[in-house]
Each structure stands twice: as C-alpha cells, then as structure tokens.
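The values are calculated or read from the model by the stated rules, or taken from the named source; none is laboratory data. A quick note: this is a predicted structure, and the numbers were derived from the prediction, not measured. Note: ideal-geometry Cβ built from the backbone for every residue, glycine included; neighbour counts use all protein chains shown.
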C-alpha cells in the first residue's frame, strides 16, 4: 500500500500566532483507503492543523499536497472542491430545514431565475442516503432526527462531491455504541472506495480498532507516526504526553463511613424508573451506562433540577425533598455538571468569581462583597487542587479544560459538601490532566466525601470506583463492587444483557 | 499586563477617548462654522450639557443593569411619561393642595412608586412566565403608553409649582440638580454592580444563566429587582425633568428606550448580557449629548444629528467586533 500516491500530504507546516508557535513543522500523509488517526492532547495543535487544512488559517511555512500536487487552501468550500471535506465534532445543521436542504446547503441545484430544482435535489439526496444506509428520508426535518442521524446528515454533506480525503473530528463524542457501529460502517465503506480518512479522536479503543496508522502531535510538534498494528496504547500515550497514563483498576480497599445519600425507588417519567442506590462517606460510586441511559437525569434529580415522579431521597438517613439546587446545596449535595462550559462556568467571569459564585452571598462585609474573603477561598482551593492560572483575575474561558474542571470542582468543594456528584469528570480534557482529576477524585473520597462519578468511559469508571452501578435504558441493571466487576459483565449489563444474572 | 486586561482597559477607555475627540473636533471645527458667537467649550455650556444628559442618562444607567442581567426594557419611555403625569396630577389633588410644599415629596413618592410598580409588573411577568423580556416590555411599552393617553387624551397635563421649579433649577457647587441626580445614580449603580452580591449575580446570570441556576442563584428575584430598579429610575428621571418643566405631553418619553439602549451599547455593554459597565454608559450618554449639542452648534438640524449618531453607533459596533475577533477564528459571513 505504501507505494501508492498519498491523497493528502502535509509537509513542514508551521503556523504561528502572536507569542505562540501553534504548529511547528508538522508533516504527515494519508494514503488512499487508509484510516489515519491524528492524536494529541488538547492544545497539541490538532484543531489548528485542521484549520490550516481547511483554509481558515494560512500556514506561515510548509506545503499541502493533494495527490502530490501542491495546493493553497483558501476556504473550507475550496478545500471541498478539491476533495478534502471535514466532519466536525460540533454539528452545524439548520434544524428547521430538511435533510436534503441541509446536505446541499450552499450548493442547492438550481433551475433558471434562481429557483431550486427540487426534483434533482431529492434524487441526489436519496443517492447519498442510500450510500449511508440510513432509514430517514430526504424530506425529514433535521431537528426531528437523533444526534447520531444528524451526524449522518453531516457526513452526507461530505458526499455531495467525490471526496479524496475525509477528516473526522471526534465523530463519536456524542454517539452511543450502537450508533458508533453505523458510523464505522460508513467509514469502512469510504475506505473501500479508496478515500483517505483522517480520524481525530481521544479514544484509544476506537483508534486501535479503526485505524491503520497513528500520527501524534504534542505542543504543536509532530512526534511521529506509528503503524497501529505494531504499537500499543502505552506507546501512543507516551508519545502524546511524554509519559504513560495510569488507568489500572481501583484496588484500594478501605473502610467506608455511614450512608451519606440513599435513593429508594426513584423515578422520573421516561428518564429513569425505580432506581435504588446508596453512597457512603469515603466511597466513590461509579455510574456506567450508555448515553441516554438516565445517569445524568438521576444526578439532576438528586440536585433538584428535575422533579421526581416517585421515590424518596434520604440524606444522612433522613428523608428530604429537593426542589431546587438551592435545597441541594443546603443539604450538602453538589453537582459538577456534564457540560462544563454551558452548565458549570460563567466563561466571561474571572477564576475567583467563578469559584465563589454559589456562596458569594455569605462573603460580605456590610453591603459589599469582601474581596479578601473571596481571594482567601480562591487561594485555598487553587493550592489544594493545583489549579494553574496566572492569577485570580484570569478569565476562566482562557484556561485549559483540565484547569476549568478544577475550578468547577473547587467551587463545590469550597461549599463543604457531603456528597459530590461528578458527571463526566474528564470529558474534553487532555490525557495528562485526566489522571490528575482521577487522583483528585480518589483523594476526595479518602478525605471522607461521598463521591458519585458518572462516566461513559469504562477504564475511567473501573479506575476510580469502589462500586459501580450499571444502567440500561433508565433502569439499574446491576451493581458491582470493584473486586467482582469484569469488563464483560459490565458491558453486558449496560447493553441490557445482564438482566437474568441480576435477578 | 495580560492581553485580556489590556483589551479590557482599551475598551473601557474607548468611550472617553471618543468624547475627547468630539470635544476637540467641535472646539476647532465648531468655532469656524458656529452659528453663534459663543465658544463650544464654554464652561456654562458644558454644565448645561450634563444637565441635559440627565433624563435619558438616568434611564440608560438602569438599562445597563438590565442588559448586563441579560434582559432589555422597552417600556421605560412610557413609564417615564406615566410617572410624570402622576407627579404633576397628584399635586392638584385637593388633599395635596392643603399640604402646601409638603405635597412635593409626596408627589415625588407617588411618581417613584408608579415607576417601581410598572417595573414590578414587567419583572413578575418575565420571572413567572419565562417569556422573553423583549416581548414582555414591548407589550408593556404599548400598554403603559395606552394608560398615558387614557388619562388626558391628547391634552398635556400641567401643574407648575414654583418651589419645585426653584429646586430643579438650583445649582450646588456649580452643578444643576439634575446633574447631581445623574452622578449619584451612576455612583450608586456602580457600587451595586461591582461591589454587591446582587451585582455579581446579575453578571453571572447574564453571562450564563444555566451555570447561575446550578450555582443555586435564584434568577427570578434578581430579574424582578432589576426591573423594579429601572422602573424606579425611569420615574426618577421623570421627577427630575418635570419638576422643572411642569407640563407633560402624552407623547413625551417616546423613543427614550432606544436612546437609552444606544447610549448603553455605545458604552460597550453587550446586548447579549453578562458584560458591561455603568461608568462606560455614563460616557455613552455624554458622548451622545455632546454630538447633539456640537452638531447643533455648527448649525445641523435634528435629522442630520440623528443620521450622524446612527452612523457612529454602527461604526462603533463594527470597531468593537474587530477588537473582539479572536484571530481569524471568527465565522466569516
């Protein structure tokens, strides 16, 4: 295969921004019919590289070749015309328009006087949908589709031309396992047609399953390309962060305190039904399941953001009604939400103000907020959590994902909760910071907090949890202890297969 | 200094730099084209300018709070007129007539309470129904104006109280009464927004409402409080203005909401909420008044003045966008 002409080749790409060398001599190539993973921590330069490739940034040095022909990219549209298309992590679809209109957005087939040629539009869309092997039609409103199907529409956009290279940016971030399978089929199909695929992902498991070669970036520098078949996760991780990530199973055995939070027969409409669990002081309880299995909804119910339709919540053995986050905070429950930027942080505010947000009402001197009290709290948790920021005045939006997450965690720890719920603690966080967050969670448990961790990543759940609750379709399927859990059992339970064993 | 801080400082001082440019422009160019003999930079003229800024200025300061909080209030002009009618009309009531000059503070109180009540109506609807503030206050704008017309038809409502006029025309340390009210309002709101819990939470809610809710902040009460505040300030503006003039037309205060928003936006506060500054709004108010006066000084008519202010507003926002663009990452449209 190696003697084939690469569909896409980058040579010595350099891109500098004021004060930063975002890309420092990046070279790699994609062969026809190859899936080539591009890996690196957040901030390693993957996004910048894609923007150079899409013509959004002009490189300072270096050259892009398509089929060994030097090209200059000026816009994503022009890149597409040359056969390089992007499937972005974040969907950019118009919900109110149909599938066909979205797929051909900006290039609708026209008749005279600028009228849309609907017949051609639907015929061409049907061809594309057939290739994608999906069940919805060209006339479906995009807003009515599931996220996975919307992603298929996004992919459909790439197929309006015959692409030479397709770049997938974290395509599975919001997909369930079943939906991933469909995506992988599409990728395999493209592959068989000789299209070169660039696959950007944080997920080792997928990368090893899907790809032929892996190229790694670190701090804007190209660190090398490995043949997937001849390497392992450890080696790739080392290239990415310069050391390996510890994701061993949690083996610590220690005594737990009393039950801090117990839930009996808790239901919330269609979201989840008849859920029982208890978490002790000093314990990490993991919630594992597919996206949509109801894990987040449980957390939101306990935190007072949703109203339960049945069941009771007991805190320190006492039945409580939690109608709002205000109630939850008063009762010592905190929630680090799934989506840091939308739900957890006020991005336009500085680090200190974000951290003291829930308790600023208590930090007053006379009618005014006490600067000193706020800074004291910020300093305490900055040191405790090792938050790296130039100072409390730094806007939280300018911090890295890991440090942002620590600000959110610090915000809740400063409230001195008994129960800390962390939803997807390391989503969108680079590998190096991941292990820091993991250690932090273990440490908090050791200090006596009752911690609930919701995660879609099995290694993470296995790494941090003392016990694991497996959920499927709104129901608790099984509960495991760290000692008796196996990956197979866990997968079966969250796929709805472990039913009999649980009974 | 971090780039962020530098940018912030630049944005904060931009409006004041603009004011300096205006002053320079009208002093130099103005003296050649002037239709009067007086110099533009005349001290008396500047004092008058501050006084004339007060009615819309006081409202604009309140609008800043509302907009930082992530809302908007289009009903301020109508509230202004309604409060003015209450102020002047209440002084003609028989029992008020018997009180002599004590009727004045009472009339003020009635007017201010009217403003607070109108604001409370807006705030409660926004809080309890979750309907967008733009729609709610658009309805209120029409509704409150309807009340104004119901009161006296097309006729003006008048009542002159000379004690009141004397008070309004008084000057203390050189500044007019209205100017003192404007400056005091600015100071108090600045303290409110930068130093108090309410201010902090208002910023947080405007910037990311969901995160604020998750942090246990009660969003609704903050909304209500801010709408009551701007209702109060619209009434205060009316009290300050009509104490002197003594006669209110049913069309008075129309378009005030738009002038107030213009001043706020010129001062750099974001329409989307979560970012803005009281002091910069004060700058925005003065900048607009300077333009009006300056252009009047060189003989331009009202239409021209409006055209120029409109153009400048758009130019400022284009500039602001350029300043805010993060490299070339911004979406090209």
The lone condition residue B:130 fails out of (1) loosely packed, with under 15 Cβ neighbours inside 10 Å; (2) closer than 26 Å to residue A:339 by Cβ; (3) within 14 Å of chain A (Cβ to nearest Cβ) is (3)
Counting only strands (runs of 3 or more DSSP E) wholly inside the stretch A:22-136, the ones holding at least 1 residues that are under 27 Å from residue A:201 (Cβ atoms) and touching a residue at least 40 places away in the same chain (Cβ under 8 Å) are A:35-39, A:61-66, A:84-87
Those residues of the stretch A:207-235 that are buried (at least 18 other Cβ atoms within 10 Å of the Cβ), in contact with a strand residue (DSSP E or B) (Cβ under 9 Å, 6 or more places away or on another chain) and modelled with pLDDT under 85 come to a total of 1
On the basis of being within 23 Å of the chain's Cα centre (by Cα), farther than 19 Å from residue A:223 by Cβ and within 14 Å of chain B (Cβ to nearest Cβ), does residue A:92 make the cut?
yes
Within the stretch A:344-364, residues assigned to a helix (DSSP H, G or I), surrounded by 20 or more Cβ atoms within 10 Å (Cβ to Cβ) and at the interface with chain B (Cβ under 9 Å from one of its Cβ atoms) come out as A:344, A:353, A:354, A:356, A:357, A:358, A:360
Check your understanding: For residue A:367, are the conditions met, namely being touching a strand residue (DSSP E or B) at 6+ places or on another chain (Cβ under 9 Å) and either away from chain B (no Cβ under 12 Å) or on the phi < 0 side of the Ramachandran plot (or both)?
Key -> no
Of the residues in the stretch B:176-200, those that are surrounded by fewer than 23 Cβ atoms within 10 Å (Cβ to Cβ), within 14 Å of chain A (Cβ to nearest Cβ) and touching a strand residue (DSSP E or B) at 6+ places or on another chain (Cβ under 7 Å) come to B:195, B:196, B:197
Among the residues in the stretch A:34-57, are any closer than 29 Å to residue A:236 by Cα, at pLDDT below 85 and over 27 Å from the mean Cα position of the chain (by Cα)?
no
Heads up, the helices (runs of 4 or more DSSP H) in the stretch B:43-130 (entirely inside) with at least 1 residues that are touching a residue at least 40 places away in the same chain (Cβ under 8 Å) and in contact with a strand residue (DSSP E or B) (Cβ under 6 Å, 6 or more places away or on another chain) are B:43-68, B:76-90
When every residue in the stretch A:308-330 that is farther than 20 Å from residue B:221 by Cβ and in contact (Cβ under 8 Å) with a residue 60 or more places away in the chain is compared, the one farthest from the other protein chains (Cβ to nearest Cβ) is A:316
Query raised in the report: Is it true that some residue in the stretch A:384-404 is more than 10 Å from chain B (Cβ to nearest Cβ), at pLDDT 90 or above, touching a helix residue (DSSP H, G or I) at 6+ places or on another chain (Cβ under 7 Å) and assigned to a helix (DSSP H, G or I)?
Result: no
When the stretch B:131-160 is checked residue by residue, the ones that are part of a helix (DSSP H, G or I) and more than 19 Å from residue B:253 (Cα to Cα) are B:133, B:135
Among A:331, A:314, the single one that is crowded, with 17+ Cβ neighbours inside 10 Å and within 23 Å of residue A:450 (Cβ to Cβ) is A:331
| said: Going by what's in this entry, would residue A:183 be described as without any contact (Cβ under 8 Å) to a residue 40 or more places away in the chain, more than 20 Å from residue A:491 (Cβ to Cβ) and assigned to a helix (DSSP H, G or I)? | reply: no
Cβ pairs under 7 Å, 6+ apart or interchain, first in the stretch A:149-163 and without any contact (Cβ under 8 Å) to a residue 24 or more places away in the chain, second buried (at least 20 other Cβ atoms within 10 Å of the Cβ), ordered by first then second residue, are A:149/A:134
Going through the stretch A:370-383 in order, the residues found to be over 22 Å from residue A:436 (Cβ atoms) and more than 11 Å from chain B (Cβ to nearest Cβ) are A:372, A:373, A:375, A:376
The one condition residue A:284 fails out of (1) at pLDDT below 90; (2) in contact with a helix residue (DSSP H, G or I) (Cβ under 9 Å, 6 or more places away or on another chain); (3) more than 14 Å from every other protein chain (Cβ to nearest Cβ) is (1)
